[in-house]
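The structure under discussion appears below in the form of C-alpha cells.
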Amino acid sequence: SLNAEKLKFSLAESSSLLSQFVNEDQLKLLYQQTEGWPVALQLLRLWYLQNPNTDPTSILTNNIDTLTSYMKEQVFEKFSQATQSFLLKTSFLDRFDIELANYVCDINNGADIISGINEHQSLIISLDKDNNSFRYHHLFSDFLQQTCVMKVGEEQCNNIRSKAALWFADKNHLSEAVSQCVRSKNIGLATQLIAKAGGWEMIMNKGIGYVESLLSHFSKKHITQSPTLSLLQCYFYLKLGQVVLAE
C-alpha cells in the first residue's frame with residue numbers, strides 16, 4: 001500500500017508544476033510551506049494560471065481561503081465527531097505520541113483514531129519508522145488550531161495547552177512544557193514547573209545550554225516580574241561571567 005510519504009511531491013515534481021511561474025528560491029520556499037502536499041501545489045498552479053502576475057511571496061496567502069475550504073469540506077467534515085474532536089485537541093501539539101494524545105483528549109483509543117485517519121491525505125505525518133510519534137502538516141495544523149478557537153474559544157484552547165504542559169513536565173520534557181505554558185499565556189504555571197524542577201539550581205546540574213533554552217521562551221518582562229525566573233537569569237549571567245548583567 002502507498003503511504004503518505006510516497007504520495008508527497010518531490011522538489012523536482014513541484015518544480016515541473018511551478019517552475020514557469022517562480023524562480024528557484026521561491027520554489028524552495030513554497031515547497032517548504034506546502035511540504036510537498038499535492039493538493040496545495042495543484043491549487044497554487046491553478047492560481048498562477050488564472051493570475052499570472054501574482055507576487056510569489058503572497059501566493060500562499062492568496063490561496064489560504066481556498067485551502068481552508070478544501071480542508072474543511074473535503075477532509076475535516078468527512079471524519080466522525082470523535083475524530084474531529086481528536087484532531088482539534090491535538091492540533092496544538094508540535095509532536096505527540098499515543099499516550100499524550102489519549103491524555104489530552106481524555107480517551108483511551110487514540111491509536112485507533114490515528115489509524116483511521118486517511119494517511120493518503122498526507123496531513124498527519126509519522127516522525128519515526130515505528131509510527132509511535134506524529135505531527136500534523138503545517139497548513140493542516142494551522143487550519144485545525146483556527147477551527148478549534150472558533151468552535152470552543154481561545155480560553156478553552158489555552159486550557160488544552162496547559163494540560164499538555166503538565167504531561168510534558170511529568171515526562172521531564174521541561175522545555176516543551178514551558179513552551180506550551182507560554183503559548184497559552186499561563187506564565188504562572190510555567191514558573192511553577194521550573195521551580196518544581198529545581199529553579200536556579202538547574203544551572204548547576206543541567207548546564208548553561210539547558211537553562212538558556214528555558215529562558216528563551218520568556219520575554220524580558222516575564223523574567224523581571226518573576227522571582228523564580230529572575231534568579232535563574234541571574235545565575236545564568238554569573239555562569240557566563242557577566243556580573244553587571246547579573247546585578
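See the values below:
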{"read-out": "Accessible area per residue, Å², the stretch 86-219 with all protein chains present, probe 1.4 Å", "value": "48 Å²"}
{"read-out": "Residue (of Phe218, Ala101, Gly241) at the positive-pole extreme of the chain, dipole from beta-carbon charges", "value": "Gly241"}
{"read-out": "Mean Cβ neighbour count within 10 Å, used as a protection proxy, ranking 85-91, 44-50 highest first", "value": "85-91, 44-50"}
{"read-out": "Carbon/sulfur fraction of accessible area - the chain, other protein chains in place, 1.4 Å, %", "value": "50 percent"}
{"read-out": "Leading residue at positive end of dipole, the stretch 133-247 (Cβ point charges), from Met202, Met150, Ala169", "value": "Met150"}
{"read-out": "Packing-based ranking, highest mean first, of 146-158, 227-239, 175-187 given that Cβ atoms within 10 Å are counted", "value": "175-187, 227-239, 146-158"}
{"read-out": "Cβ-Cβ FRET estimate between His173 and Ser16, R0 fixed at 41 Å, reported to 0.05", "value": "0.50"}
{"read-out": "Shape category assigned to the stretch 84-141 from the gyration tensor of Cα positions, a/c cut at 1.5", "value": "rounded"}
{"read-out": "FRET efficiency for Asp106 and Leu231, using Cβ-Cβ distance with R0 set to 30 Å, rounded to 0.05", "value": "0.25"}
{"read-out": "Point-charge dipole on Cβ atoms (K/R +1, D/E -1) for the chain, about Cα centre, debye to 20", "value": "440 debye"}
{"read-out": "Under 12 Å from the Cα of Lys8 - aspartates and glutamates, other chains or at least 8 residues apart", "value": "Glu35, Glu119"}
{"read-out": "Label-point separation in nm, Gln74 to Lys196, each point 7 Å along Cα→Cβ", "value": "4.4 nm"}
{"read-out": "Estimated 222 nm signal from helices in the chain, with DSSP H stretches of n ≥ 4 weighted -39500 (n - 2.57), rounded to 500", "value": "-18500 deg cm²/dmol"}
{"read-out": "Per-peptide average of other Cβ atoms within 10 Å, ordering 19-26, 65-72 highest first", "value": "65-72, 19-26"}
{"read-out": "Contour excess over end-to-end distance, with Cα ends at Leu240 and Gln33 and 0.36 nm allotted per residue", "value": "70.8 nm"}
{"read-out": "Intensity falloff of the stretch 121-240 expressed as log10 I(q)/I(0), Debye formula with alpha-carbon point scatterers, at q = 0.10 Å⁻¹", "value": "-0.38"}
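The values are calculated or read from the model by the stated rules, or taken from the named source; none is laboratory data. The structure presented is a predicted model; accordingly, all values stated were derived computationally and were not measured. In this analysis, Cβ positions are derived from the backbone assuming ideal geometry, glycine residues included, and neighbour counts consider all displayed protein chains. Heavy atoms of the whole protein, side chains included, go into the accessibility calculation; ligands, DNA and RNA do not. Shrake-Rupley method; radii C 1.70, N 1.55, O 1.52, S 1.80 Å.
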